[in-house]
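The values are calculated or read from the model by the stated rules, or taken from the named source; none is laboratory data. Remember, predicted model here, so these are calculated numbers, not experimental data. So basically every Cβ, Gly included, is an ideal-geometry build from the backbone, and we count neighbours across all protein chains shown.
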Amino acid sequence: MRHIKTYILTGIAVIALSATAWAEVPKELKGTWVVDLVPSIQYMQTSPKWTDQTATHLPPILQRMSQAMYEFTDDYLVVSIGGKKKKLPVSLISTQSNVTVFERTVGGQLHTLTVSMMNGSNINVKSSFNHDLDFYLWKRGRVTTQVEPSVIAHALQLVLTSHENTVANPVAQWMSGKWGIGWRFSGGDNKYSNGYKVDHLIEQVKAIPGLSYVLFNLSNGADGSHYTAPHSVLSKVSPGSCARRDLFGEMATAFQAAGYQVLVYMATEGPAKLKHGPNHGRGPQSVHAWTSWVKAQYGSDDVETLKKAYAEVIVGEYAQRYGTLIDGWWFDHASFGNIDLIHKEITQANPKAAIAFNLSRKGAVNCNPDYEDYTYGHPTPLRRAPASSKSNLKMVTAIENSENGYHIVDGKPSLGHMFMPMKNRWNSGADVVWPEEQAVDWMQRVLQARGAWTWNVPFNDKTTELDLEAVDFAIRVGAQLR
């Protein structure tokens, strides 16, 4: 291996090209690119020069290279190493298929730089000047902080011990680089449920460009005493707690048929109201009816038994009923549930369902590696700051510093996901709190880093519509994403 400075600077030197015709650079290449650690190591293994000892020399080189960044724009190329940036005029000579070639003359000799799109997400850069960059793959992203040696070591371990197979096809892979929109509609036997117009809602969602998935509820928001579908036990034990019409099933079926994947929201406190207490939601009578049933069936109504009953009876029935109609689950206030049992019930019904638990710890970091497939993604509590607050920027940078969008703990990947209210309240609010430019920038950064982004917007039960202002904002933002 070469000395680290030589290894990097020779690559930079080749990119210092003369300026002509830069505007012809393909849009797929424009933007910022950083080293993609795991794919790069895997690609290095295809080199005939790779030996069993090669990996021992890589950590300091990879740590330094992780601070390198290329930025292609319409006017120039920026090369950055460790925060030191240099603008370089360049000359493009050809673009064919997924290959873009630049050239320059150094000391009377012509040298080329060939940039190839790989697998739709990475680029590879090869120089005729030297071969130092040949086996690096670059991903969209930005260098924000220095990568810790432990991250480099873990990336090597993933590859060298074949743990990369765990990351090769993670459950939440379908969410990677995608975004969606979420809402809550009223559960229970209410005056609106029979009048909901599912087709009208789908047409409204279709107007938003680039959406891949939707997130809506089986239980009311932060309320485990109302449900948007019938339940064989709860509908009888607590009449009125469940919709008579299977609204959730209708919506899930219709949205999947329209090409969207479906995430479901659940309030983990369940009908026992373990977080908010019996005076919230349907009230003490409803809570008593449920806890009495649990005691009769399980022999106890202590907290752990109530958590067990929620997992087995409530989640279990819905998971079995809907199966693959649910592509993923998002559990609110999950510390008030038995996440081990919940996870088992879901994966037994659909092993491919992605699961997230809101444990109110860190919004975009893998804090639950044995159980979560994507991060719950909550911002700073809205009572402290709007979702657009710069205090939430750390979630964006955490995803940018992840491995292909994943936070990996003990070899277990959790896709970095941000779940952001568009207005000043989760399910209501007067105005969109996001400057349009900021929304585009943050979303673009998360998606380019292969994370996921979900907007949450208000829902109008009377008209079966998402908030019109929020939809207009989503349309404008979605149209600007690359």
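Summary table below
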| item | result |
| --- | --- |
| Residue check, Lys191 at pLDDT 95 or above, more than 21 Å from Val315 (Cβ to Cβ) and surrounded by fewer than 18 Cβ atoms within 10 Å (Cβ to Cβ) | no |
| Breaking point among (1) surrounded by fewer than 17 Cβ atoms within 10 Å (Cβ to Cβ); (2) in contact with a helix residue (DSSP H, G or I) (Cβ under 9 Å, 6 or more places away or on another chain); (3) free of Cβ contacts under 8 Å to residues at least 60 places away in the same chain, for Lys352 | (3) |
| Filter pass, Thr51 being part of a loop (DSSP other than H, G, I, E, B) and under 26 Å from Thr100 (Cβ atoms) | no |
| Selection within the range 301-313 - without any contact (Cβ under 8 Å) to a residue 60 or more places away in the chain and surrounded by 15 or more Cβ atoms within 10 Å (Cβ to Cβ) | Asp301, Thr305, Leu306, Lys307, Lys308, Ala309, Ala311, Glu312 |
| Whichever residue in the range 218-242 is surrounded by 22 or more Cβ atoms within 10 Å (Cβ to Cβ) and aliphatic (A, V, I, L, M) and, among such residues, is nearest to Val264 (Cα to Cα) | Leu218 |
| Members of the range 243-293 that are more than 21 Å from Ser225 (Cβ to Cβ) and buried (at least 16 other Cβ atoms within 10 Å of the Cβ) | Ala252, Phe255, Gln256, Tyr260, Gln261, Val262, Leu263 |
| Answer residue from the range 91-115, given it is within 35 Å of the chain's Cα centre (by Cα) and not in a strand (DSSP E or B) and is modelled with the highest pLDDT among those | Asn98 |
| Test: residue in the range 248-263 that is assigned to a loop (DSSP other than H, G, I, E, B) and over 30 Å from Ile208 (Cα atoms) | no |
| Residue within the range 411-422 that is surrounded by fewer than 24 Cβ atoms within 10 Å (Cβ to Cβ), outside any strand (DSSP E or B) and out of contact with any His (no Cβ under 6 Å at 6 or more places or on another chain) present | no |
| Checklist (1) within 23 Å of the chain's Cα centre (by Cα); (2) within 25 Å of Ala334 (Cα to Cα); (3) polar (S, T, N, Q) applied to Ser186, failing item | (1) |
| Residue ID - farthest from Val365 (Cα to Cα), chosen from residues in the range 378-387 that are in contact with a helix residue (DSSP H, G or I) (Cβ under 6 Å, 6 or more places away or on another chain) and in contact (Cβ under 8 Å) with a residue 12 or more places away in the chain | Thr380 |
| Hits in the range 319-334 (condition: out of contact with any helix residue (DSSP H, G or I) (no Cβ under 8 Å at 6 or more places or on another chain) and within 17 Å of Tyr227 (Cα to Cα)) | Trp330, Asp332, His333 |
| Any chance Val365 is among the hydrophobic types (A, V, I, L, M, F, W, C), over 15 Å from Met443 (Cβ atoms) and outside any strand (DSSP E or B) | yes |
| Filter result for Glu465 (modelled with pLDDT of 95 or more, among the acidic types (Asp, Glu) and surrounded by fewer than 16 Cβ atoms within 10 Å (Cβ to Cβ)) | no |
| Meets criteria (surrounded by fewer than 17 Cβ atoms within 10 Å (Cβ to Cβ), touching a Ser or Thr at 6+ places or on another chain (Cβ under 6 Å) and not basic (Lys, Arg)) for Tyr298 | yes |
| Ser286 over 28 Å from Val457 (Cβ atoms), at pLDDT 95 or above and among the polar types (S, T, N, Q) | yes |
| Top-ranked residue in the range 35-88 [being within 29 Å of the chain's Cα centre (by Cα) and among the aromatic types (Phe, Trp, Tyr); ranked as surrounded by the fewest Cβ atoms within 10 Å (Cβ to Cβ)] | Tyr43 |
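Conditions (1) aromatic (Phe, Trp, Tyr); (2) under 27 Å from Val396 (Cβ atoms); (3) part of a helix (DSSP H, G or I), marked per residue:
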{"position": "Phe135", "(1), (2), (3)": "yes, no, no"}
{"position": "Ile152", "(1), (2), (3)": "no, yes, yes"}
{"position": "Ala172", "(1), (2), (3)": "no, yes, yes"}
{"position": "His200", "(1), (2), (3)": "no, no, yes"}
{"position": "Val205", "(1), (2), (3)": "no, yes, yes"}
{"position": "Phe216", "(1), (2), (3)": "yes, yes, no"}
{"position": "Lys236", "(1), (2), (3)": "no, no, yes"}
